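Undergrad: Mind looking over this structure? Questions follow.
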Amino acid sequence: MRGRVPPAHAAEQSCPGILKPTPQQLAALAPLAGLSRERLAELAEVALIERAARGSDPLAGREGEQSVFLLAGEMLLALQGGGTLVVVGGSDETRQALNRRKERVARARAITDVDLLVVDDELLDILATWDQVAAARGREISPTGPFSLSSLRIGAFAQLPAARIDELLRRFERVKAARGESLIREGDEGDYYYLVEAGRFQVSRLVGGAEVVLAELKAGEAFGEEALVSEAKRNATVTALTDGHVLRLTRAHFNELLREPLLRRVGFADASEKVRRGALWLDVRYPSEYQYDKLPGAINVPLAEVRNMFAVLDRSKDYIAYCQSGRRSAAAAFLFAQRGFKVWLLEGGLKAVEKPEKP
């Protein structure tokens with residue numbers, strides 16, 4: 001029996017030509033039914049609805065890494081095993097993705113104009129994994145801040161092995177920060193890694209005896225990692241500009257659960273092969289060092305300038321970070337990896353390879 005076709009205005013239209021699903025529409029789909037209301041609302045903000053014309057095959061040419069859901073309209077499905085099936089948006093038949101049916105679809109035809117929701121399978125898997133692990137621990141993770149959709153897709157957690165998610169959530173300690181409180185101070189030993197859950201925080205450094213403001217951090221951003229990765233003193237002070245909350249990990253748990261999974265190490269021979277195939281060298285030393293013995297074609301991005309390069313460097317490229325010993329480049333590689341860049345760490349730095357000739 002055919003189900004009721006949702007009205008044309010069921011999908012919100014934020015601007016002409018672009019349709020967006022409602023959280024209610026998403027909640028009706030089987031793979032998304034277990035997500036929280038907040039997570040559904042977040043997903044609705046970034047998801048788009050595609051409209052296909054009557055008589056077309058909306059499934060033709062679809063990549064295998066996407067799930068396609070029929071939200072509105074009618075379609076005829078020709079099954080690979082023989083036979084046909086008419087499906088209607090909003091019915092029980094369309095709660096599952098059309099291209100993920102047990103009976104595989106050979107081809108399709110839109111009987112009417114149809115509205116389709118197309119979602120990357122990886123995105124569905126990320127959301128399901130994090131939310132279900134959190135629920136199993138009796139913990140609700142906010143869809144804003146460090147566990148927002150964007151952070152889980154391209155941030156530090158995007159490359160985290162799924163087996164470590166439960167342990168990470170267990171080890172994070174939630175700490176309240178009062179306005180004016182300094183969570184880390186320049187010159188101190190590195191003890192914790194921090195993620196801003198709520199509030200605003202200022203990063204500053206003493207230069208010539210005067211305080212210089214370097215950055216302002218908001219929900220979802222991290223700090224404290226440089227001292228832990230490079231095994232050095234804190235190089236800046238972080239102070240709460242407002243009341244807020246942070247999540248923190250001890251040095252030991254940070255090294256085990258985040259540092260090592262994110263640091264991809266490579267020897268000089270393999271790194272050189274990657275460069276031959278299009279990767280770029282990132283020299284994270286001071287300009288004076290870079291000018292003296294840089295690797296051929298290297299880009300100079302001093303460690304202190306890494307955060308300023310997030311919006312400059314091409315995310316589609318591969319990079320090999322190096323310094324003299326590997327310490328500064330480890331910190332740089334981690335910072336870039338947290339933002340979704342594909343960066344390898346040259347194992348041992350320049351000390352571990354034959355010194356390049358001066359240009």
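The values are calculated or read from the model by the stated rules, or taken from the named source; none is laboratory data. Predicted model, so just to flag it, every value in this text is computed and none were measured. Every residue, glycine as well, gets a Cβ built from its backbone with ideal geometry; the counts of neighbours run over all protein chains shown. Protein only, heavy atoms only, side chains kept; ligands, DNA and RNA dropped before computing areas. Shrake-Rupley method; radii C 1.70, N 1.55, O 1.52, S 1.80 Å.
Undergrad: Being open to solvent by less than 20 Å² (accessible area, probe 1.4 Å) and either among the aliphatic types (A, V, I, L, M) or part of a strand (DSSP E or B) (or both) is the requirement here; does residue 313 meet it? Step through it out loud before you land on a result.
TA: Values: open to solvent by less than 20 Å² (accessible area, probe 1.4 Å): no; either among the aliphatic types (A, V, I, L, M) or part of a strand (DSSP E or B) (or both): yes.
Criteria not met by residue 313.
Undergrad: Please state which one of 236, 279, 215 is surrounded by fewer than 18 Cβ atoms within 10 Å (Cβ to Cβ) and either within 21 Å of residue 331 (Cβ to Cβ) or not small (Gly, Ala, Ser) (or both).
TA: One residue alone meets the criteria, 215.
Undergrad: What is the residue count in the stretch 20-71 for residues that are closer than 13 Å to residue 98 by Cβ and outside any loop (DSSP other than H, G, I, E, B)?
TA: Residues that pass the stated criteria total 10.
Undergrad: Can you confirm whether the stretch 215-230 contains a residue that is more than 20 Å from residue 339 (Cα to Cα) and part of a strand (DSSP E or B)? Walk me through it before giving the result.
TA: Keep residues of the stretch 215-230 that are more than 20 Å from residue 339 (Cα to Cα), which gives none.
So far as the stretch 215-230 goes, no, none of its residues is more than 20 Å from residue 339 (Cα to Cα) and part of a strand (DSSP E or B).
Undergrad: Looking at the stretch 235-266, which of its residues are in a strand (DSSP E or B), farther than 19 Å from residue 188 by Cβ and either in contact with a Pro (Cβ under 8 Å, 6 or more places away or on another chain) or β-branched (Val, Ile, Thr) (or both)?
TA: Narrowing the stretch 235-266 to residues in a strand (DSSP E or B): 237-240, 244-250, 264-266.
With the extra rule that they be farther than 19 Å from residue 188 by Cβ, the set shrinks to 244-245, 247, 264-266.
Scanning the stretch 235-266 gives 247, 266.
Undergrad: Based on what the data block shows, is residue 26 within 27 Å of residue 133 (Cβ to Cβ) and buried (at least 18 other Cβ atoms within 10 Å of the Cβ)?
TA: In short, yes.
Undergrad: Is it the case that some residue within the stretch 118-134 is open to solvent by less than 30 Å² (accessible area, probe 1.4 Å), modelled with pLDDT of 90 or more and in contact with a Pro (Cβ under 9 Å, 6 or more places away or on another chain)?
TA: No, the stretch 118-134 has no match at all.
Undergrad: Within the stretch 172-212, count every residue that is among the basic types (Lys, Arg), at pLDDT 95 or above and either open to solvent by less than 30 Å² (accessible area, probe 1.4 Å) or assigned to a strand (DSSP E or B) (or both).
TA: Count: 1.
Undergrad: Return the residues of the stretch 239-276 that are open to solvent by 40 Å² or more (accessible area, probe 1.4 Å), in contact with an Asp or Glu (Cβ under 9 Å, 6 or more places away or on another chain) and basic (Lys, Arg); say none if nothing qualifies.
TA: 248, 251, 265, 274
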